[in-house]
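Below is one structure, written out as structure tokens; the observations come after it.
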Amino acid sequence: MSQISTLFDIIEANQEAVLLKMNENHPVYQGHFPGNPITPGVLSLRMIRECVSREIGRPLHYAAIKNCRYVALIRPGDTLRLQRQITENEGSVTVKATLTDANNPDDLRLQLEAEMR
Amino acid sequence: MSTPACNTNDIISLIPQRPPILMVDGFSFEDEQNCNSTLTISGDNMFLEESGRLAEEGILEHIAQTAAAYVGYLRKQAGKEVNMGYIGDIKRCVVNHPMPMAGDTLTTHLTIMSQVGNITMVAAETAVNGQTLMTCRMKLAN
Amino acid sequence: MEKDEMIKKMVSILADEFEVEQEAIQPEANIKETMHLDSLSLVDMVGLVNEEFGVEIKTPDLPTLKTFADLYDYVYTRM
């Protein structure tokens, strides 16, 4: 299993949203950053890719990222709500997604428009 | 202005990231608008997937750390402390699969497009063995 | 490049990048309000002007560029 898979747990997944919890003991926080643990921005992209892959039922990869906008930091232990709009067309999957705080939908962390294959 | 390439020891004086997520092992400053970096993928790189290939997010992190090294280099030259930086956004990113494997060396060229206040916008191109793996625009906020 | 040609190119590039109608980009219109710019997208605008016109907008000059007419003058005199 990839080392990154243990970064987060899926608490709940339904039509409307996926709820995620960041694993505060993950080793990545030792290096990012020493004494000030913050989830690397690229790993938010990874979480979304893993969630969409599960939903589609096969491993997907980014083919293009039109826009990924980081609005606020994600810290260890945070619980997050992923809302996603997924359109599949001939093997190509268009994803529009937002990550917000699980309990406060106004607390936006990230907005993404991307294409996966 | 040009400097010889930095090695891993020098890199950690330019960026705040540390293992297990240190994704640059060589850096050279060409001029205010251009810099280059490298990374040879080790067998224990955290971005390696079950397929044995590096996840595309690992290349994005390598690009982000190259931008961080550019900012860190200029801050050091100016006698300032290296500070933490965060990705502001990623745009126009095109990924060419297949991704590289352990033992492959990434080479990245950054063009600095603009710097406004604490935000640096770069255009990046990462290649392995002369094949372009990724191009993107990225902003780093320090 | 003549100034009206530069303006035409600028309007087309900005409308495309920031997804606004070309008609909204009037000389006396406010840049930030018209294109809904925040601190990140402002950097996009600076990068775009540098890339397309070879003109680097200096950070201290940014607050003086309020309208599109200000931007056209700034870029045209430095091209």
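Here are the numbers:
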quantity: Stokes-Einstein diffusion coefficient of the protein assembly as shown, Kirkwood radius over Cα pairs, 20 °C, 1.002 mPa s, in µm²/s; calculated: 102 µm²/s
quantity: Extension gain (nm, one decimal) between A:Gln83 and A:Lys96, 0.36 nm per residue minus Cα-Cα; calculated: 3.8 nm
quantity: Residue with peak Gaussian network fluctuation, chain A [Cα springs, cutoff 10 Å], from A:Gln30, A:Gln15, A:Gln85; calculated: A:Gln15
quantity: Choice from C:Thr67, C:Thr34, C:Thr59 with maximal GNM fluctuation in chain C (Cα, 10 Å cutoff); calculated: C:Thr59
quantity: Net dipole in debye of the stretch C:3-76 [+1 Lys, Arg Cβ; -1 Asp, Glu Cβ; about Cα centre; nearest 20]; calculated: 220 debye
quantity: Local net charge near B:His109, Cβ-Cβ under 10 Å (Lys/Arg +1, Asp/Glu -1); calculated: -2
quantity: For chain A: relative contact order, % (alpha-carbon pairs under 8 angstrom, 6 or more apart); calculated: 25 percent
quantity: Candidates C:Lys66, C:Lys32, C:Lys58, ranked by Gaussian network fluctuation over chain C, Cα under 10 Å, top entry; calculated: C:Lys58
quantity: Added length on full extension, which subtracts the Cα-Cα distance from 0.36 nm per residue, A:Leu108 to A:Glu16; calculated: 31.5 nm
quantity: Crossing angle, helix B:56-77 versus chain B [Cα axis fit, 0-90 degrees, rounded to tens]; calculated: 20 degrees
quantity: Inter-probe distance in nm under a simple model that places probes 7 Å from Cα toward Cβ, at C:Ser39 and B:Thr132; calculated: 3.2 nm
quantity: Computed FRET value (nearest 0.05) for B:Glu125 with C:Glu56, which takes r as the C-beta separation and R₀ as 22 Å; calculated: 0.55
quantity: Computed helical MRE - 222 nm, chain B, DSSP H runs ≥ 4 contributing -39500 (n - 2.57), nearest 500; calculated: -6000 deg cm²/dmol
quantity: Pair B:His97, B:Asn83: separation of 7 Å Cα→Cβ label points (nm); calculated: 3.9 nm
quantity: Charged-residue dipole, Cβ positions (Lys, Arg, Asp, Glu), the protein assembly as shown about Cα centre, Debye nearest 20; calculated: 680 debye
quantity: R0 of 41 Å, Cβ-Cβ distance C:Thr64-B:Arg18: FRET efficiency to nearest 0.05; calculated: 0.45
quantity: Label-point gap, in nm, between C:Ala24 and B:Glu50 - each point 7 angstrom along Cα→Cβ; calculated: 4.6 nm
quantity: Convex hull volume per residue for chain C, taking Cα atoms only, in Å³; calculated: 81 Å³
quantity: Mean-position separation - Cα centroids, the stretch B:104-133 and the stretch C:8-79, in angstrom; calculated: 24 Å
quantity: Cβ-isolated cysteines (cut-off 4.7 Å), chain B; calculated: B:Cys6, B:Cys35
quantity: Principal axis dimensions, the stretch A:3-116 - Cα atoms, whole angstrom, descending; calculated: 46, 28, 24
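Laboratory data are not the source of any read-out in this text; all were calculated from the coordinates shown. Keep in mind it's a predicted model, so treat the numbers as computed, not measured. So basically every Cβ, Gly included, is an ideal-geometry build from the backbone, and we count neighbours across all protein chains shown.
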